[in-house]
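Read through the structure below, which is laid out as C-alpha cells, and then see the notes.
Any read-out appearing in this document is the output of simple, stated calculations on the displayed coordinates, not a laboratory observation. Quantities reported herein were computed from a predicted structural model and do not represent experimental measurements. Note that we place each Cβ from the backbone using ideal geometry, even for glycine, and neighbour counts take in every protein chain shown.
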Amino acid sequence: MFQTFQETISRLATLDRDVLAIAWLSLRVSLTAVGLGLCIGIPVGAFLAVADFPGRPVLVGLLNAFMGLPPVIVGLVLYLVLSRSGPLGSLGLLFTPGAMVAAQVVLATPLVAALTRQVVADSEAHLGEQLRSLGLSAPRRALALIHDTRFSLVTTALAAFGRAISEIGAVLVVGGNIDGHTRTMTTAISLETQKGDLSLALALGLVLIVLVILVNAVAALLRSHAARAYG
C-alpha cells in the first residue's frame, strides 16, 4: 500500500500524461452530455409541471421511473442501435466519444426532467394563479417559472453531472474503453485495478473526486454571486 501511494503521488505531482488525457476526455464527455441533457430535460420537466393533458400522470410516472435506468441496459440498447447492422450504424458512432456522450445524455436527461418538474411545480404552486391571470399559455408559464427557479436548477445540473461522470456501465459498452480514444476515468479505474496498476487507478480516483468537488464549488460560487446580483 505504501508503494502504491508513493507511485500515485508521483503520477499526480508530475502531471502524468495518461492521467491528464483520461481526465480531460471524461470531463469533456460528461460536460457535453450534461449540457445536452439540460437543454432537453429542463423544458420537458417544466412543461410537465404546468401543463394539464390526458396521460400526464403516466408520463410523470415513467419519467420518475427512468431516473433509475440501469446503465448497462442503456448501453446495450445504444449498442444495438449504433452497431453496423443497427438503424444508425451508418453514422459510425460506436466506440467513439460521441456514443459515450449519447449514453450519458440518455441517463442524465430523465434525471434533469424529473427534478426540474418538481422544482417548477413547487414554484407554480405559488405563482401559477398569477401567471394564469395574465393569460399566459402553458409553454410561456413554463419559461417564466424556469427563470424564477433558475438558481434552484443549478442543483439539478450538479446532480446530472454527478450521474454522468461517475457512470461506467453504459460508456463501457458503447465506448469500448479504447486506450487513448474512449477510456474515461471510471472505465480506466476498473481496468487498471484488474490489471494490477493500482497507482494509476488510485490517481484517477483522486482526480475524479477532486473534479466533482471543484465543479460543485464553482457552481455554488456562481449561484451565490448571481443570487446576490439579482436579489
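Table for the structure above
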{"item": "The stretch 2-230, relative contact order [Cα under 8 Å, separation at least 6], %", "result": "32 percent"}
{"item": "ARG228 versus ARG150: modelled label distance in nm, points set 7 Å from Cα along the beta carbon direction", "result": "1.8 nm"}
{"item": "Computed E for ASN64/GLN6 - FRET, C-beta separation, R0 45 angstrom, nearest 0.05", "result": "0.45"}
{"item": "Euclidean distance between Cα centres, the stretch 119-163 to the stretch 52-113, Å", "result": "25 Å"}
{"item": "Whole-Hz couplings from phi, Karplus 6.51/-1.76/1.60, listed for the stretch 180-194; x for Gly and Pro", "result": "x, 9, 10, 8, 9, 4, 5, 5, 5, 4, 4, 5, 5, 5, 5"}
{"item": "Size of charge dipole - the chain - debye, nearest 20, with Cβ of Lys, Arg +1 and Asp, Glu -1, no other charges", "result": "440 debye"}
{"item": "Label-reachable residues, the stretch 1-43, where backbone N falls under 19 Å from a point 7 Å from VAL212's Cα toward its Cβ", "result": "20, 22-35"}
{"item": "Förster-model FRET efficiency, 30 Å R0, LEU76 and TRP24, C-beta, rounded to 0.05", "result": "0.65"}
{"item": "Selection from LEU134, PRO70, SER152 lying farthest towards where the dipole of the chain points positive, charges on Cβ", "result": "LEU134"}
{"item": "Per-residue HN-Hα couplings for the stretch 153-158 [Karplus 6.51, -1.76, 1.60; θ = phi - 60°; Hz; x = Gly/Pro]", "result": "6, 4, 4, 4, 4, 5"}
{"item": "Cβ-placed point charges (K, R +1; D, E -1), dipole of the stretch 154-231 about Cα centre in debye, nearest 20", "result": "340 debye"}
{"item": "Which of THR187, LEU221, THR14, positive extreme of dipole for the stretch 2-230 (C-beta unit charges)", "result": "LEU221"}
{"item": "Distance (nanometres) between label positions extended 7 Å along Cα→Cβ at ASP122 and SER190", "result": "3.4 nm"}
{"item": "Gyration tensor (alpha-carbon) shape descriptor, the chain, a/c threshold 1.5", "result": "oblate"}
